[in-house]
1. With a 1.4 Å probe and all protein chains in place, put Trp203, Trp298 in order of accessible area, largest first.
2. Amide H to amide H under 5 Å from Val172: which residues, 5+ apart in sequence or cross-chain, H placed 1.01 Å off N in plane?
3. Output ³J(HN,Hα) for region 53-67: one whole-Hz value per residue in order, computed from phi by the Karplus curve 6.51 cos²θ - 1.76 cosθ + 1.60 with θ = phi - 60°, and x for Gly and Pro.
4. At a probe size of 1.4 Å, how large is the accessible area of Thr228, to the nearest 10 Å²?
5. Which distance in Å, rounded to a whole number, links the C-alpha centroids of region 138-180 and region 209-235?
6. Give me the tail of P(r) for region 192-318 as a percent: Cα-Cα pairs with distance above 17 Å.
7. Distance cut-off 21 Å, Cα to Cα: go down the list Lys211/Lys288; Lys251/Lys301; Lys211/Lys283 and report the pairs above it.
8. Quote the Stokes-Einstein diffusion coefficient, in whole µm² s⁻¹, for region 188-249, based on the Kirkwood radius over alpha carbon pairs, a temperature of 25 °C and a viscosity of 0.890 mPa s.
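The values are calculated or read from the model by the stated rules, or taken from the named source; none is laboratory data. Quick caveat: nothing in here was measured; it's all calculated off a predicted structure. FYI the Cβ positions are ideal-geometry reconstructions off the backbone, even for glycines, and counts take in every protein chain you see. SASA here: full protein model, heavy atoms, side chains in, ligands and nucleic acids out. Shrake-Rupley method; radii C 1.70, N 1.55, O 1.52, S 1.80 Å.
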Amino acid sequence: MISSVLSAAGASNSSSDSPQPTLKDAQEQAGQAASWVEQNWSAWLGIGLRVLLIVVIACVLRVAIRRAITKLIERMNRTAQAVNGTALGSLLVNVERRRQRSHAIGSVLRSVASFVIMGTAALMILGTFEINLAPLLASAGVAGVAIGFGARNLVTDFLSGVFMILEDQYGVGDTIDAGVASGEVIEVGLRVTKLRGDGGEIWYVRNGEVKRIGNLSQGWATAGVDVTVRGDEDLDKVRAVLSEVGEAMSKAEPWNEMLWGPIEVLGLDSVLLDSMVVRVTAKTMPGKALTVERELRWRIKGAFDESGIRIVGGAPVLVDGEAAVDPAAGVSAPSAYASATSPQSLAASPIPPTNLAK
């Protein structure tokens with residue numbers, strides 16, 4: 001207890017013996033700080049002005065480039081809307097397709113522009129503060145390689161989607177065969193493409209998994225109808241009736257817009273013992289081949305009925321005045337050997353072995 005009191009007294013005496021700060025000392029310290037600020041304020045001001053100039057230029061450049069990209073996308077959309085509803089527009093452009101394609105392209109371009117401009121500005125600001133950028137760039141390179149290896153599927157999907165959109169391989173409303181799935185395109189993204197199948201199901205196809213694409217909605221389609229007639233029909237009459245049907249259909253609405261060429265009778269596709277197959281084709285709008293084929297079959301059937309030309313196939317065709325053939329006429333009578341108790345079966349059976357014990 002006594003030692004603690006003595007130590008506390010000694011500490012108080014030592015603290016009281018230390019010199020107390022005076023006003024003169026405070027003035028000297030303030031003068032040193034003022035002189036240090038006076039010596040470095042010009043450098044600080046220069047650094048601040050350079051940073052401010054870099055930020056202002058980067059922001060102005062970013063806004064200008066984004067506006068230019070937006071105007072470009074709007075001009076593309078206006079061009080698509082101008083040709084919408086025309087025959088050329090139905091062939092070359094779809095408003096929703098062009099809108100999504102231009103939106104995706106604009107989003108990619110704006111993101112790339114912002115990343116490049118702001119990244120460059122950030123590096124310039126760090127260089128203004130005399131920070132060594134070599135370790136930072138090396139670390140960023142290593143991190144980029146690691147992310148690239150770890151997310152290579154995501155990068156592959158993204159790059160494939162970008163090239164698909166830029167090359168306009170397909171768009172909204174197109175019917176495509178992507179290998180892994182087929183159907184109508186309802187949405188095109190940078191990573192995933194959505195397809196609606198024939199049964200109404202929706203397929204989500206990753207762009208990186210698509211190895212080949214068959215677009216059934218670009219260019220034109222071919223409608224083909226095979227007409228099977230009897231082998232004794234007059235081919236000149238058949239050709240004349242088919243030509244009349246094709247000419248009438250080419251002038252009727254709305255088939256004259258769906259047909260992009262005359263309906264042609266190619267001739268005999270095959271000749272059998274009791275029938276002949278005549279091939280009829282026509283070039284149509286994309287996606288309208290099945291519709292044209294159904295209408296063409298309907299008209300051919302009606303024209304053949306009026307002209308007395310019979311279409312064969314399936315059940316045999318009866319000539320006028322010919323009696324119907326009994327379907328059981330070609331069936332042979334049951335064999336006597338089918339029954340095990342018939343005399344024929346008993347006579348043909350092997351002789352049973354005799355009992356040797358007797």
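1. The ordering from most to least exposed comes out as Trp298, Trp203.
2. Arg97
3. Per residue, the Karplus-derived 3J(HN,Hα) values read 5, 5, 5, 5, 4, 5, 5, 5, 5, 5, 5, 5, 5, 5, 5 Hz.
4. Roll a 1.4 Å probe over it and Thr228 shows about 40 Å².
5. Region 138-180 and region 209-235 have Cα centres separated by 35 Å.
6. 64 percent
7. Values: Lys211/Lys288 27 Å; Lys251/Lys301 19 Å; Lys211/Lys283 29 Å.
Among Lys211/Lys288; Lys251/Lys301; Lys211/Lys283, the Cα-Cα distance tops 21 Å for Lys211/Lys288; Lys211/Lys283.
8. Approximately 149 µm²/s, per Stokes-Einstein.
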